[in-house]
Amino acid sequence: MLDDLYTSSHEVTPVTLAIIAGEEANENARAIILEEKKEYPVSIPPSRIIDQACKFYGSSLRGRQEGTKEICGITHKAPISIDPTSGMYFFPTNSPTNPKCSWIAHSHIDQVNRSKNQCTEIVFKNGRSIVLDVSFGSMLNQVQRTAQFRYLLDNRIKYLQKHMIDLVAEPYA
């Protein structure tokens, strides 16, 4: 009955704010996908949803994590770009192997605030907010690391786009 309320998958899009880890039921991790105007309960873990989104754009969660490591050296709780052309940069709140790991869309964050009991409130640009069982310091660190990664990857893409015209215009020898 309750399982009927849960869908098996959902696409991560540029309007996805976060994928929040839910409580485990029947040994299946649950997640809530928050979007700008709606939310969807799903019956698969957040990191698997992120992996599926990465695969849709031609990679995998592991591949994106390895890319982050190459670009800026981050190896633990690495932020990823699901699709840099549409601004889909996400970061995990815990180790992605932890069932309590949620994923937050960097571009939708407006504020990060301290909350009660060592928790952190994230306020999104559309006014929605969530409270996660993650320390304020850890959350700020994740936001800053994602900003650093985003800056470095965006600069690489801009550089390639700028110089691609030169490469295309040069004749072969």
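What's the number of the only condition in (1) at pLDDT below 95; (2) charged (D, E, K, R); (3) under 29 Å from GLY73 (Cβ atoms) that GLU170 fails to meet?
Going through (1) at pLDDT below 95; (2) charged (D, E, K, R); (3) under 29 Å from GLY73 (Cβ atoms) one by one, GLU170 breaks only (3).
Please verify whether LEU34 is at pLDDT 95 or above, in contact with a helix residue (DSSP H, G or I) (Cβ under 7 Å, 6 or more places away or on another chain) and either under 18 Å from SER81 (Cα atoms) or assigned to a strand (DSSP E or B) (or both), treating the condition exactly as stated. Outline the logic, then answer.
Working: at pLDDT 95 or above: yes; in contact with a helix residue (DSSP H, G or I) (Cβ under 7 Å, 6 or more places away or on another chain): no; either under 18 Å from SER81 (Cα atoms) or assigned to a strand (DSSP E or B) (or both): yes.
No: the conditions fail for LEU34.
Could you say whether any residue in the stretch 119-134 is under 28 Å from HIS76 (Cβ atoms), at pLDDT 95 or above and over 19 Å from the mean Cα position of the chain (by Cα)?
Taking every residue of the stretch 119-134 in turn, at least one turns out to be under 28 Å from HIS76 (Cβ atoms), at pLDDT 95 or above and over 19 Å from the mean Cα position of the chain (by Cα).
Per-residue answers, yes or no, for (1) more than 21 Å from ASN141 (Cα to Cα); (2) at pLDDT 95 or above; (3) of a type in the set (Phe, Trp, Tyr):
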{"position": "SER9", "(1), (2), (3)": "yes, no, no"}
{"position": "VAL12", "(1), (2), (3)": "yes, no, no"}
{"position": "ASN26", "(1), (2), (3)": "yes, no, no"}
{"position": "ALA29", "(1), (2), (3)": "yes, no, no"}
{"position": "GLY63", "(1), (2), (3)": "yes, yes, no"}
{"position": "GLY67", "(1), (2), (3)": "no, yes, no"}
{"position": "SER107", "(1), (2), (3)": "no, yes, no"}
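Which residue is surrounded by the fewest Cβ atoms within 10 Å (Cβ to Cβ), if the candidates are limited to the stretch 93-106 and must be farther than 16 Å from SER129 by Cβ and among the polar types (S, T, N, Q)?
Filtering the stretch 93-106 for residues that are farther than 16 Å from SER129 by Cβ and among the polar types (S, T, N, Q), the one surrounded by the fewest Cβ atoms within 10 Å (Cβ to Cβ) comes out as THR97.
Take the residues of the stretch 136-147 that are more than 17 Å from ILE19 (Cβ to Cβ) and not small (Gly, Ala, Ser): which is surrounded by the most Cβ atoms within 10 Å (Cβ to Cβ)? Quick ask: steps written out before the conclusion?
Let us first name the residues in the stretch 136-147 that are more than 17 Å from ILE19 (Cβ to Cβ), namely 136-138, 140-141, 144-145, 147.
Pick out the ones that are also not small (Gly, Ala, Ser) and you get 136, 140-141, 144-145.
On the way: PHE136: 15, LEU140: 13, ASN141: 13, GLN144: 12, ARG145: 19.
Ranking the candidates gives ARG145 first.
Quick one: how many residues across the stretch 108-135 are exposed (fewer than 15 other Cβ atoms within 10 Å of the Cβ), touching a Phe, Trp or Tyr at 6+ places or on another chain (Cβ under 9 Å) and closer than 25 Å to CYS54 by Cα?
Count: 1.
Quickly run through the stretch 76-96 and pick out the residues that are at pLDDT below 95 and among the polar types (S, T, N, Q).
The answer is THR85, SER86.
Condition check: closer than 15 Å to CYS101 by Cβ, among the polar types (S, T, N, Q) and either modelled with pLDDT of 95 or more or not in a strand (DSSP E or B) (or both). Does SER47 satisfy that? Steps first, answer last, please.
Numbers: closer than 15 Å to CYS101 by Cβ: yes; among the polar types (S, T, N, Q): yes; either modelled with pLDDT of 95 or more or not in a strand (DSSP E or B) (or both): yes.
Answer is yes for this residue.
Any residue that is over 18 Å from ALA18 (Cα atoms) and part of a strand (DSSP E or B) - is there at least one of those in the stretch 106-118?
Checked against the condition, which is being over 18 Å from ALA18 (Cα atoms) and part of a strand (DSSP E or B), the stretch 106-118 yields at least one hit.
In the stretch 70-79, which residues are surrounded by 14 or more Cβ atoms within 10 Å (Cβ to Cβ) and either part of a helix (DSSP H, G or I) or at positive phi (or both)? Give the steps one after another, and end with the answer.
Taking the stretch 70-79 as the starting set, the residues that turn out to be surrounded by 14 or more Cβ atoms within 10 Å (Cβ to Cβ) are 71-72, 74, 77-79.
ILE71, CYS72, LYS77, listed by residue number.
The values are calculated or read from the model by the stated rules, or taken from the named source; none is laboratory data. From a predicted model like this one, the values you see are computed outputs, not experimental measurements. Heads up, the Cβs are rebuilt from the backbone with ideal geometry, glycines too, and the neighbour counts pull from every protein chain shown.
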